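What follows is a single structure, written as structure tokens, with notes after it.
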Amino acid sequence: VLSLAQTPDGFLWIGTWEGLVRFDGARFKTPPASAPAGLRESGVLTLRSAGDGSLWIGTQGGGIYRYREGRFTVESAPGEPLD
């Protein structure tokens, strides 16, 4: 485990070398196949829950992502600065 965060909806998010995992209190789940490839294939180094309910995800060489309302978005692709 490299990082932990809890979002306002009660989910516990876990960042590992193998990627992102969500714990709902009973089961562990990995991101769906629809999640960006960089997120599914990179170690998750840092997680931060934001006041708007979103989860910010920093990966090793895979960019920065945001999870909000059931959707992942790419905020900064690998090697690109965050605007």
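The values are calculated or read from the model by the stated rules, or taken from the named source; none is laboratory data. It should be emphasised that the depicted structure is a prediction, and the values quoted were computed from it without experimental measurement. Side chains are part of the model used for accessible areas, which takes the heavy atoms of the whole protein and leaves out ligands, DNA and RNA. Shrake-Rupley method; radii C 1.70, N 1.55, O 1.52, S 1.80 Å.
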For the chain, which strands (runs of 3 or more DSSP E) that fit wholly inside it have 3 or more residues that are of a type in the set (A, V, I, L, M)?
44-49
Would you be able to tell me the number of residues in the stretch 17-59 that are open to solvent by 50 Å² or more (accessible area, probe 1.4 Å), at pLDDT below 90 and of a type in the set (A, V, I, L, M)?
1
